[in-house]
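Step one of this worksheet: look at the structure below.
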Amino acid sequence: MGFERNPSSTAPLRASIPPCPARRDTSPFPAMPTLPAVATIAQTIQLSLAPVFLLAAIGQLLNVLAGRLARVIDRARGLEMMIHKVDDGPERLRHKWELRLLDRRMSIINAALFLAVSSAVMACIVIAVLFIANIGKFHIGTWIALAFILSVCLLTMCLIAFMVEVRISLRAIHVRKEILD
């Protein structure tokens, strides 16, 4: 270890001391963790917009499904009260048929509600994991994409159940032929 002079400059002599491999930061304060930049957070917010819009749509669908379920339940309760007042005959058979139909509709709407809520939960998980992955610098984009795809698939199954329920409900709203004659 000696002193070297740079021949091209008039700089003073510098000690050329190699770094010590065993020596680490001797600062009494630990290094501060770096926080994500505002641009990174803004980009994550932009990425989470699709799942947020999906959540808004699911919320509206849940509102529609809950309204339909309430109407079906009200109609079923009304028919249950009426069926006891009707003697055996075609009117009683028609009430029983409609009660079976309403029971099936309630089951389908409940399944659609379950699927919609499951889809919303997956969308929330996607949003949360997007932020966690971005802040923690985790490379889990494939898992986030799969969770979003699962959310959309659950929503698709919910919409199919809703479509089936609407088709079943059309059976009960036709005017009976004996009334039209």
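Which pairs turn up if I take residues in region 84-111 that are free of Cβ contacts under 8 Å to residues at least 60 places away in the same chain and on the phi < 0 side of the Ramachandran plot and look for partners that are assigned to a helix (DSSP H, G or I) and of a type in the set (D, E, K, R) with beta carbon separation below 6 Å, at least 6 apart in sequence or on another chain? Qualifying pairs under 6 Å: 86/92; 109/68; 109/165. If you filter region 102-135 down to residues that are over 21 Å from residue 151 (Cβ atoms) and either modelled with pLDDT under 90 or surrounded by fewer than 18 Cβ atoms within 10 Å (Cβ to Cβ) (or both), you find that the one that is nearest to the chain's Cα centre (by Cα) is 135.
The criterion of at least 1 residues that are among the β-branched types (Val, Ile, Thr), farther than 30 Å from residue 52 by Cβ and in contact with a helix residue (DSSP H, G or I) (Cβ under 9 Å, 6 or more places away or on another chain) is met by the following helices (runs of 4 or more DSSP H) wholly inside region 74-181: 141-172. For residue 98, the conditions (1) surrounded by 16 or more Cβ atoms within 10 Å (Cβ to Cβ); (2) of a type in the set (Asp, Glu); (3) farther than 19 Å from residue 179 by Cβ are fulfilled apart from (3). Being without any contact (Cβ under 8 Å) to a residue 40 or more places away in the chain, loosely packed, with under 15 Cβ neighbours inside 10 Å and basic (Lys, Arg): is that true of residue 71 here? Yes, satisfied.
The values are calculated or read from the model by the stated rules, or taken from the named source; none is laboratory data. If you're wondering where the values come from, they're calculated on a predicted model, not measured in any experiment. Cβ: placed from backbone, ideal geometry, glycine included. Neighbour counts: every protein chain shown.
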